[in-house]
1. Can you give the extra length, in nm with one decimal, that the chain gains between Glu762 and Lys199 once fully stretched, where that is 0.36 nm per residue apart less the Cα-Cα distance?
2. Aspartates and glutamates near Lys241 by alpha-carbon distance under 14 Å, same-chain residues fewer than 8 away left out - which ones?
3. Tally Lys/Arg at +1 and Asp/Glu at -1 over every other residue whose Cβ is under 12 Å from the Cβ of Leu723; what's the total?
4. Give, in whole angstrom and from largest to smallest, the semi-axes √(5λ) of the equivalent ellipsoid of segment 617-728, with λ running over the eigenvalues of the Cα gyration tensor.
5. Near Lys73, which lysines are there with a Cα under 20 Å away, not counting those fewer than 8 places off in the same chain?
6. Using the Cβ atoms and a cut-off under 15 Å, what net charge is assigned to the surroundings of Ile212, where Lys and Arg are +1 and Asp and Glu are -1?
7. Under the 0.36 nm per residue contour assumption, what length would be gained going from the current alpha-carbon distance of Glu255 and Lys48 to full extension?
8. With 22 Å as the limit, write out which pairs from Lys700/Lys752; Lys479/Lys649; Lys482/Lys695; Lys218/Lys469; Lys700/Lys724 have Cα-Cα distances beyond it, or answer none.
Amino acid sequence: MKKRNLSIFTFVVLIGFLFSCSPSTTSSSEPIGESYSMVKEITRVASKNDPSITTNGLLSSLGLKGEEEFTYKTMIVALRKAFPSLEEPSPYYESYHQYEDNDLYPIKNYEKLPKDVQEAIAYFKNRSLFFPKEGSDASSHYYYFPLEEKADSEELRTILERIQGYIGKNPEDDFYSYINHDELFSANAAQRSNLVSTKALVKSVKEFMASIKDDNKKRIDSFLASYRNESKKESDYSGLKTAIDNIKNASSLPELCSQLRTDFNQSHSSVLAPFLSVMRQNGNNAIYLANRYAYPYAYKETCLNDISFLTSALKVLDAVNASEYASNLRSFLSTYFSCLKNKIKEDQEGNEIITNKPIGDSASINGCFSLKELYEEEGYDVSKISVYYASEYDALIEALSKEDRLNDSKAYLLYLYGLNYSSCLPKNKQEALGIYNDVGSEESFYNYVIPYIANEVASSYRNSEEYQKNYNTLNELFKNLKITFEKRLDTSVWLDEAGKEKAKQKLKNTDMVLFDKDLGDNLYLFPPHEYEKDSLYRNMNIYRQEMMISIKNSLSESTTNPYLYSINPLEANAFNDISNNTVCLTLGYLFSKENAYSLSIEDLFADFAFPLSHEIVHGFDENGLMYDENCNFNKDWLGKQNLASFQTKSEKASTFYSNFEEVPGFKENGAIKINEAIADLGGLNIVTDYSEQQKNFDYKKFFSRLARNNLYYVDLPTYYSYLKDDSHPIGRGRVNPLFMNSTKFLETYQVKENDYMHLSSEDSLNIW
């Protein structure tokens, strides 16, 4: 009985085996084909958000078997079917392809495309997830979809990654969007930039001002009263108008220079004369032009876009022939760019541009406006002063020196006057320029008021108990971060032993300044101002004059860190003064955050430990490594082999960031972002190393807070400008690439190989 049953079982098994080895139409093996593999990838991503999406189901809806060629047309329609319910775009997203209601990407012959393709294109394009390819007639500003061309798998991956970011539900695919999704889709979201909330800064400053009871309260109230005094602004305007008329009516370069000298002598801050910086290089102090409008080259597009502002300004300032002046400004800028190109060639040694020159070597306007003479007359030791960005300054002076283009020079100077003094114009004139905001508004308060009362607010805050507790917390944090970084240097696999010791010595010499009391009474830019209630124009000149006097006083040999004298203490900022090897946090940065001493350990690390570590590492980025452990300019101090290894790693990081898409259709520029990227990568390594010493540290809370801190929500032109010109990675580009290179992040969120936040070990960036 048992024997017969065994034979039957053996027979059944044998038959089953034979059938499994024979060709069959019922085989469960996956079809082999281009369409199948592409649809499978779409399904893999789509099913994360909708489990009902299957490969076979999507193939069937497309009328495909899986063996067909996968065209661009098929991809568009497939994606539309796989993601049928993407939410309506917020202004943030829909702005990527539109500007002032004009479509930036018009498609050629759109109306002739199949209806399902039209619908799919419109669906994704309205969400800024799709960009057509550039056609042969791109010069006519039309783009096309190559419907019958074979779709590229890398292009598909890019679009899928964009869609996952848009959905924002999966931290392993787009952590930035996962954390900030609600804010990005809020039509009422306040615009903000990296790390600092302007709204929080203004709120904190206002609240603290209400608590001030010392003499600074009177000074602050006087300045605010002068800002609000519209009747006095009308009479004050006559003083500004005199200076403007002197520019307009000048018949020669000496007359033009005379007004510049008068302005400098009265307010110690000519629209042209640069401030003294405190960037000390081997004992010298560099001077530079204090506002961006003095350097048109660096902000070429901004300057050209502001031509319309100049035209309006000249009308408001009662200048004649405003449009003619605007044309003159264009001519001046063209001359300037030409001069600059030649100056850069003259000042170039090998592949490097000489940025600093002795002040005595700087150009003058035909001998009638000389920086050297101006500062000698003011009692400065000009032997210890250099001109920073010398090529740009000399080019500017050369452009202003062309007597046959006097009207061009006058237009440029009027341009600077209009921008520098617009806040002291009467309300009606500000409104005519489109710049008026009531002092009670946050925007106006920050832009116009805070810089002028910053010293008074900072002076009172430094004496508060709150400041002392913040200082104690951050000073201890800074010491521990340095210890942690030192341990990382010990384990470096690319630094030799001599390099490790040199790097550790520089780290040991790195100081932190939180505008602390160790700097004594010379802490701030200038002593408290004795403002008047009825004269904003006069108060602005008091501010500028006393600032210059204080800077002059700061040039004594006993001044240890003169950089502090050139910044606004309420500017929300953190930075590394690499020429002095000093990490600085402004009081404005403190005001923009919650009190450090009251934060949870995770929030403290996100708000303060990461920025501090970031700034420490700036001393070891491409610029920082040009200064040795004693703050001397020395490009070879770390050792040639170590520097070569560093450069290889730096170039790899630059390439990585250049390949990262910040917003659909626009990638980061690794060449200009590299130093900030190095500081970010190294800073996060230091913080996560230090976090391992903390009991029950919540990494999800830390990474989430850090991602929220880097929410970037600004208007389209500003976004593109920062993406192109700013040295910082922004928004998504500051969060995702950073976390992709963090082992702790990958472990925390269990990121797997096919996830878009995944980075292989051979591709990861590990410099510091």
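The numbers here are math on the coordinates, done by the rules we state, and not lab data. Everything numeric here is computed off the predicted structure, so don't read it as measured data. Because the Cβ atoms are built from the backbone with ideal geometry, glycine has one as well, and the counts that use them run over all protein chains shown.
1. Stretched out fully, the Glu762 to Lys199 stretch lengthens by 198.5 nm.
2. Straight-line reach from Lys241, under 14 Å: Asp263, Asp318.
3. Taking every other residue near Leu723 into account, the sum is 0.
4. For segment 617-728, the ellipsoid semi-axes come out as 27, 23, 12 Å.
5. Partners found: Lys40, Lys65, Lys81, Lys108, Lys112, Lys115, Lys125, Lys133, Lys150.
6. That works out to -1.
7. Full-extension gain reported as 67.3 nm.
8. Over 22 Å Cα-Cα: Lys479/Lys649; Lys218/Lys469; Lys700/Lys724.
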